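Enquirer: The structure is given below, and queries will be raised subsequently.
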Amino acid sequence: MTRTKKWVAMILCNPRFLVVAFSPSTSRRLSKIYNPVCKSRKCGISRIQMVFEVSGMDDMPLPPVHDVEQSKTTSTKQIIDNILDECLRYSARRPIMIQFDPASRAIMRHWRGTVLAETYKPAAWMALWAVVVFVLFQRYPTCVHFFKGFHKIWGELLAVTTFTLTFFVNEAYSCWRKCLDICYTLQGRLNDLSMALAGCAKRVEPSSFSDPNSDETTSKFTPQSRKILTIIARYIRLFNILSYASFTRSHRPLLTPQGMRQMIRRGLLTDKEHSILINSRVTATARHNVVLMWAFRMAIDARKAGHFEGGFGYEQNILLRVEEIRSCGNWMECILRGRMPFGYAHIVQVLVSLVTWLYPIMAFSSSTSLQIGVIGVIFLTMTYQGLIDLSKRFLDPFHNENFWDGFDPIRVDTLIAETNAGSRRWMFGLEDMPIPLQAIQDSGRDLDLFILPDEGISAEEASQMEAAKETAKAAMMELSKQGIGEDRLEDEQQIFQEEFEETQAILSAPPGADFVPGLDDVEGEEECTMYPELNEDMKACEDKDDEGLMSPPNEVFDLYMESLTEEYEDVLRQDTKEEH
């Protein structure tokens, strides 16, 4: 009895055990290990009962905590590190969704991720069912008289199904579109907050403005204001990561105790912030709200300390941005929880099933040949069942469920990488201000250098100015030594080559891209091609999937749970052997 109390106290004081113990898969697997009866048949054990009713638990000693930690860090730590590797990026590996060539030939040659790939197995079973119905009608010809006029009933059923299914697909797509819009609205509001704070941060003015073209005559952030902007940018990234960890199963391991500790090691959290988060009276899936309040309060305190400039409008603007960010997060939760009434989905599924299952009866009772009947049922299954499967995919935009392969969900890693880049973009954009406050206050005399013609400079004038510069440069090279001239020529060739490569990368970037592939990439990492016509059948991305770098979102969650369960079982087996 004493050992049982120790086990109960250890489980209640260590949430990492509750994550494993309360999962249905763990209940079944552990019950088979410690209950011989369950090895031959399934056992109905509830989640909570599993924790306290494992056979032999009273005789097992309390395992040391360091042994549990050492066992857990073999694979679950690697899974969390893989998730954090993507969360810490500032450029996305691949687009928010699969990009495609709109040409019909390019669309038709793809298989994976299409409705055909999802429905070919049900279509094969329905073809087999059609053959069975045909054989029955051939063996019992009198059955045909019982279905006389059935084609009229089936036709009316088909009309009702088509009408209902069309609206169902439209509603499901609306749910998917809302989730995507909220994701980018949330990203935009976070960028608005970063931009407003960067514009209000206090700056250091240059000591003199004698040479306006010099880099030393630009205004910069004060060291204190830049530190505050850096911290708020980290809070924005942390809020975004924890938000998607709450919305999606693919990033849910980050909310576990081990995931939170690993975020400290990877530089997303400090020890003090971690302690406040886990000890706060906020649920684990709502910790992103705490981080949002940190950023909000820090922006207010920074203005009070004199590091940010602004009056009453400043606080009102910041408050408005924070409220919009909060509303986006709550709106996403509402949509994911109330995506579609069950009765609506049920009646649509019943109608589609009736249409496909009754088609062979209607066809062969109307003297349709076997070939036409099989082809017809395959076509109906791939279209009607394919449409309802597509609707279900729309209702699961982040692949939080297992009913589809998760080939083309909304890429959470891409959204996080884009928000990470936006958290620093506005601070970097205002790092140097070409026109400081001193130039504006000094009667505007130095502003003449920044006033350019409204109509621009004509091509002829630009050519003349360039020719004059080339003539002066050639004269300078003649006066210099030959060796120095060769070095300058090599430098110019190097500059021209770099500009040429940069130009190619910019022109090749897809429209609407948040970064330029080839320029903004992290060194040593390859990106998946944005367009499948440049990357045949997305083979590069599929290769990364095989390596485990880009697994479907739901598989990450399942893999983490399986690894955590196996490691927990290993600890229990090891302690059982030591006891015996």
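Enquirer: Largest first, please: the extent of the C-alpha atoms of the stretch 147-255 along each principal axis, to the nearest Å.
Expert: So the three principal-axis extents are 98, 37, 18 Å.
Enquirer: Per residue, how much accessible area does the stretch 121-187 show when a 1.4 Å probe rolls over the protein heavy atoms, in square angstrom?
Expert: Numbers: 4220 Å² over 67 residues.
Dividing the accessible area of the stretch 121-187 by its residue count gives 63 Å².
Enquirer: Additional query: Roughly how many whole Å is it from the C-alpha centroid of the stretch 121-180 to that of the stretch 290-321?
Expert: 60
Enquirer: Compute the separation of the alpha-carbon centres of the stretch 396-447 and the stretch 370-390 and state it in Å as a whole number.
Expert: Their Cα centres are 46 Å away from one another.
Enquirer: Roll a 1.4 Å probe over the protein chains and send me the accessible area per residue for the stretch 231-314 in Å².
Expert: Working: 3420 Å² over 84 residues.
Dividing the accessible area of the stretch 231-314 by its residue count gives 41 Å².
Enquirer: For residue 182, what is the net charge nearby, where nearby means another residue's Cβ is under 12 Å from its Cβ and Lys, Arg count +1, Asp, Glu -1?
Expert: Details: positive: 177, 178, 189; negative: 181, 324, 333.
After counting each charged neighbour, the total is 0.
Enquirer: Same structure, new question: Give me the net charge for the shell around residue 457: Cβ to Cβ below 15 angstrom, other residues only, Lys and Arg +1, Asp and Glu -1. Walk me through the numbers before you get to the answer.
Expert: On the way: positive: 469; negative: 454, 455, 460, 461, 466.
Result for the local shell: -4.
The values are calculated or read from the model by the stated rules, or taken from the named source; none is laboratory data. Everything numeric in this text was worked out from a predicted model, so none of it was measured. Neighbour counts run over all protein chains shown; Cβ positions are idealised from the backbone, glycine included. Heavy atoms of the whole protein, side chains included, go into the accessibility calculation; ligands, DNA and RNA do not. Shrake-Rupley method; radii C 1.70, N 1.55, O 1.52, S 1.80 Å.
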